[in-house]
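Readers should treat all values here as calculations from the given coordinates under stated rules, not as data from a laboratory. Please read these numbers as outputs of a predicted model, since none were measured by experiment. Cβ: placed from backbone, ideal geometry, glycine included. Neighbour counts: every protein chain shown.
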Amino acid sequence: MNPILEVSALNKTYKNFALEDVSFSLPEDCITGFIGVNGAGKTTTIRSILGLARKNSGKIKVLGMDMDTHEREIKDQLGVVMDDGCFYDHLTLNEMKSIIAPAYTSWSNQDYERYLKQFELDPRQKIATLSKGMRMKYALVLALSHQAQLLIMDEPTSGLDPLVRSQLLEIMTDYMKQGGKGVFFSTHITSDLDKIADMLILIDDGKIIFEKSKDELLDHYRLVKGDAALLTAEQKKYLMNLNITRYGFSGMTSDWQKLQRDIPDLIVEKVDVEAIMLANIERRKQHA
Ligand code: ATP
């Protein structure tokens with residue numbers, strides 16, 4: 001599969017924070033979740049990719065084109081949803097659309113009207129009067145109405161109620177069915193990723209911790225529980241987020257099959273994206 005977005009050795013320094021050699025690559029036909037705790041660097045990465053924050057160094061390629069030399073062509077192919085969606089508050093949705101639409105070579109009014117209806121937005125309403133969730137939905141309508149090849153979204157599901165969140169996830173899935181597209185979105189709401197992500201990229205303190213297929217990750221890790229008295233010092237080394245109480249121990253591990261052979265009556269349970277994210281962050285902190 002061709003990479004739809006390639007980020008190589010991206011560095012961006014603020015006074016108290018730095019992205020350090022951030023590199024990853026998104027294949028087409030994949031929904032990629034970009035995860036990390038508050039302040040990990042998700043928005044800074046997205047803003048640097050889009051040229052909204054000036055990078056110190058690094059290369060960004062979208063659809064094989066270099067962002068530094070082909071920004072216009074690339075932006076024509078990008079659907080962008082940022083959580084601070086820059087709109088003129090005094091305009092109606094349709095008036096704002098009339099300003100944005102001419103910037104795109106493949107703008108489709110038909111798609112625009114269809115998505116407005118689907119999200120139950122009134123084109124005559126003033127932007128100033130939209131709720132946070134409605135604003136996010138409107139940003140998504142605009143991002144989806146010009147045949148974009150890649151959607152880049154910064155926390156698109158935050159502030160949305162569960163119904164709208166599930167609508168949005170459905171729309172992303174439908175969008176991907178067209179083929180040859182990509183979605184890259186940052187989120188805290190890891191349950192959304194359990195549902196729709198193909199790939200996961202974890203960032204912590206400005207560094208990429210992993211970039212892997214979600215199924216591979218879910219397959220790789222297990223939560224194990226057992227009698228703490230049976231746990232050796234060597235076995236403890238295999239466990240992330242080890243928690244020992246008087247009732248026993250629990251921890252996450254990729255070596256669960258080995259531990260299962262060595263520890264009698266070990267309980268082995270599947271884990272979700274959130275547990276994987278937190279355990280990997282914890283492990284990085286311990287090794288820092
Ligand atoms: P959240 O999930 O809370 O949105 P995030 O992962 O998106 O967090 P960023 O917004 O990228 O994190 O912020 C990463 C760090 O960079 C933070 O410490 C933040 O204070 C700092 N930062 C972001 N923008 C600026 C700026 N314009 N000037 C200085 N520091 C900044």
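Work through the residues other than Ala9 whose Cβ is under 15 Å from its Cβ and net out their charges, Lys, Arg +1 and Asp, Glu -1. Intermediate values should be presented prior to the final figure.
Numbers: positive: Lys12, Lys55, Lys59, Lys61, Lys207; negative: Glu6, Glu20, Asp21, Asp66, Asp68, Glu211.
It works out to a net charge of -1.
Among Leu140, Leu242, Leu50, which one moves the most in a GNM of the chain with springs linking Cα atoms closer than 10 Å?
Leu242
Given a Förster distance of 30 Å, report the FRET efficiency between Ala288 and Ala229 from their Cβ-Cβ distance, rounded to the nearest 0.05.
Details: r = 31 Å, r/R0 = 1.03.
After rounding to 0.05, the efficiency reads 0.45.
How would you order 150-156, 74-80 from highest to lowest mean count of nearby Cβ atoms within 10 Å? Don't skip to the end; give the middle numbers.
Details: 150-156: 22.9, 74-80: 19.6.
Top of the packing list down: 150-156, 74-80.
For the chain, what relative contact order do you get, as a whole percent, if you take Cα pairs closer than 8 Å and at least 6 residues apart?
It comes to 21 percent, rounded to a whole number.
Given points 7 Å out from each Cα along the Cα-Cβ axis, report the Thr173 to Asp255 separation in nanometres with one decimal.
Output for this residue pair reads 3.8 nm.
When the Kirkwood radius is taken over all Cα pairs of the chain, what Stokes-Einstein diffusion coefficient follows at 10 °C and 1.306 mPa s, in µm²/s?
Working: Rh = 20.7 Å.
D, rounded to a whole number, is 77 µm²/s.
Working only with C-alpha atoms, what are the Rg and Dmax values of the stretch 29-182, expressed in angstrom?
15.4, 43
Which percentage, to the nearest 5, of the DSSP beta bridges contained in the stretch 3-217 is antiparallel?
Values: 22 of 41 bridges.
Here the share of antiparallel DSSP bridges comes out near 55 percent.
Residues of the stretch 204-241 with amide nitrogen under 19 Å from the 7 Å Cα-to-Cβ point of Val268?
Zone members listed by number: 215-228, 230-232, 235-241.
For the residue pair Asp219 and Thr129, what label-to-label distance in nm results when each label sits 7 Å from Cα along the Cα-to-beta-carbon direction?
5.3 nm
Classify the stretch 222-270: rounded, prolate or oblate, from the alpha-carbon gyration tensor (a ≥ b ≥ c, eigenvalue square roots; a/c under 1.5 rounded; otherwise prolate if a/b is larger than b/c)?
Numbers: a/c = 1.24, a/b = 1.19, b/c = 1.04.
Rounded, since a/c falls under 1.5.
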